[in-house]
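Peer 1: Have a look at this one before I ask anything.
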Amino acid sequence: MKENKENIEHDLEYYQSGIRQLYLKTYQKYLLILLAVMLGTAIGIGATESIVRWLLIAVFLIEAGIVVYLFRYLRAETFEAYFQQIKEQLPNEFQKTTSIEIQEDDQAYYFSDDQALFVKLKKKNTRNFPSKIRQYTLLVGFTGEINKNGLEQPLQFFYYDITQIKHSANYKKEILKNTNFIAKRRKRRIKTTVLTLILLAVLGMLVYFGAKTYLQDDGRTLYEKGVEGEDEDNIGQETQVRISELAITNENETLKIQLPKRFHEEKGELSSADEVKGLASKAFSSPTLYVSILMSQVSNATSLSEFVGQVLEDDGKINDKKTNETLHPDLFKNEYIITTKTSKNGQPDSSNYTTYFFETGHNYGWIMCEITATSQTDDLDLAQQVQEILGSIELDTKGTVI
């Protein structure tokens with residue numbers, strides 16, 4: 001317990017700069033939304049008269065007060081106080097966060113437990129930080145929901161074992177089995193719908209009256225909104241990269257794969273956990289491609305079958321899924337391939353999901369590939385593109401990745 005506390009404090013101190021960036025992004029998002037609303041209110045004040053104008057002035061003053069209130073969170077001392085609070089809370093919540101089930105798709109991470117907890121973190125709002133605690137990764141991000149708790153505690157912190165993460169296209173069905181979650185989600189949706197209708201009514205009134213007086217200023221207004229939207233997009237795209245290959249090193253063995261040329265210009269998020277002792281991983285996620293490599297030292301399992309069982313948590317069905325296909329008998333001692341096809345938006349076989357397990361002299365590992373079709377012509381090409389990725393595998397028992 002004491003060792004975990006020291007390691008968690010080390011993680012937080014080491015990644016303080018990255019955590020602060022996410023913290024500031026949260027309030028920047030709130031301020032951008034609020035400034036856009038204030039702009040609409042100001043237009044309404046100039047376009048209306050009498051009681052409505054005074055009402056809008058009162059609304060504008062309230063909005064200005066909220067802006068001043070939000071700016072206090074951007075002060076260095078406010079962040080420092082929040083950071084110290086997290087350093088005290090997170091060690092006590094470590095066991096709870098590691099027991100929460102984590103799943104992911106190409107857009108977000110999903111956290112749930114048997115107490116109907118459900119948190120969705122979009123990948124562009126999160127950062128993965130390799131932890132000093134063996135086999136764990138610290139994930140930090142914000143949900144994007146605007147509420148009182150989100151203002152006081154803007155960031156979510158989770159520790160998870162990267163070998164236990166589930167890449168499931170059916171995560172929504174599994175979550176919906178929880179009746180408590182259904183009730184909570186229904187209540188949240190009703191609340192969101194009511195607030196949205198009120199906001200749309202106010203904005204509709206402002207647009208109606210503002211259009212009468214400020215038609216000549218539309219160009220300037222649209223330009224200002226365009227700049228605000230561009231700033232918000234830039235905030236969410238800071239970690240977007242393009243890659244042509246993926247490589248990791250573990251136990252003096254380097255594994256490298258090449259991406260098909262069609263993905264070289266596609267932007268996505270690159271995450272890794274190369275600093276975890278005895279385990280290394282790297283993943284790239286874009287709208288149409290998810291590819292992940294993991295290598296774990298052989299001491300973590302007695303055989304490839306046991307390693308596969310640890311990952312799948314489905315020992316009873318391993319033999320039914322195993323194929324006799326071998327791709328690289330000259331590189332690996334043993335191989336194990338699982339391929340499934342899923343349907344999206346009513347289109348059958350619109351996604352090819354393949355997991356390729358392997359055993360080397362010093363590691364067990366996997367390569368996960370999921371390619372989603374963007375048109376009907378791509379449906380015929382998915383398996384070939386996955387085979388192209390798996391066929392490009394290179395294994396170097398001496399080299400290292402810089």
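Peer 1: May I ask you to derive the FRET efficiency for Glu266 and Thr326 from their Cβ-Cβ distance with R0 = 30 Å, giving the value to the nearest 0.05?
Peer 2: 0.50
Peer 1: Need one number: nm distance between label points at Ser303 and Ala64, each 7 Å from Cα along Cα→Cβ, rounded to one decimal.
Peer 2: 7.5 nm
Peer 1: Could you work out how far apart the two model spin labels at Gln84 and Ser50 are, taking each label as a point 7 Å from the Cα in the direction of the beta carbon, and quote it in nm?
Peer 2: Spacing of the two 7 Å Cα→Cβ label points: 5.6 nm.
Peer 1: I need the P(r) histogram for the range 250-313: all alpha carbon pairs, bin width 10 Å from 0 out to the longest distance, whole percents.
Peer 2: Answer for the range 250-313: a P(r) of 18, 42, 31, 10, 0 percent.
Peer 1: Carbon and sulfur together cover what percent of the accessible area of the range 1-88 at a 1.4 Å probe radius?
Peer 2: Numbers: 3110 of 4900 Å².
Heavy-atom surface of the range 1-88 belonging to carbon and sulfur, 1.4 Å probe: 63 percent.
Peer 1: Continuing with this model, one more query. Run the Debye formula on the Cα coordinates of the range 23-123, all scatterers equal and no solvent, and tell me log10 I(q)/I(0) at q = 0.13, 0.20, 0.21 1/Å.
Peer 2: Ignoring solvent entirely, the Cα scatterers give -0.75, -1.04, -1.07.
Peer 1: Given a 1.4 Å probe and heavy atoms of the protein chains only, how would you sort Asp381, Asp330, largest accessible area at the top?
Peer 2: Asp330, Asp381
Peer 1: If Lys and Arg each add +1 and Asp and Glu each add -1, what is the summed charge of the other residues whose beta carbon sits under 11 Å from the beta carbon of His10?
Peer 2: Combined, the nearby Lys, Arg, Asp and Glu give -2.
Peer 1: Turning to a different aspect of this structure: Give, in nm to one decimal, the length gained when the segment between Lys398 and Ser99 is fully stretched (0.36 nm per residue of separation minus the Cα-Cα distance).
Peer 2: 103.9 nm
Peer 1: What does the net charge come to around Gln84 if you take all other residues with beta carbon closer than 14 Å to its beta carbon, with K and R at +1 and D and E at -1?
Peer 2: -3
Peer 1: Cross-link list Lys29/Lys132; Lys256/Lys333; Lys120/Lys256; Lys87/Lys120; Lys120/Lys191: which exceed 25 angstrom alpha carbon to alpha carbon? Spell out each step's value before the answer.
Peer 2: Details: Lys29/Lys132 31 Å; Lys256/Lys333 17 Å; Lys120/Lys256 32 Å; Lys87/Lys120 23 Å; Lys120/Lys191 18 Å.
Lys29/Lys132; Lys120/Lys256, as the Cα separations exceed 25 Å there.
The values are calculated or read from the model by the stated rules, or taken from the named source; none is laboratory data. Bear in mind the structure is a predicted one, so any value in this text is a computation, not a measurement. Cβ: placed from backbone, ideal geometry, glycine included. Neighbour counts: every protein chain shown. When the accessible area is computed, the model is the full protein with side chains, heavy atoms only, and any ligands, DNA or RNA have been set aside. Shrake-Rupley method; radii C 1.70, N 1.55, O 1.52, S 1.80 Å.
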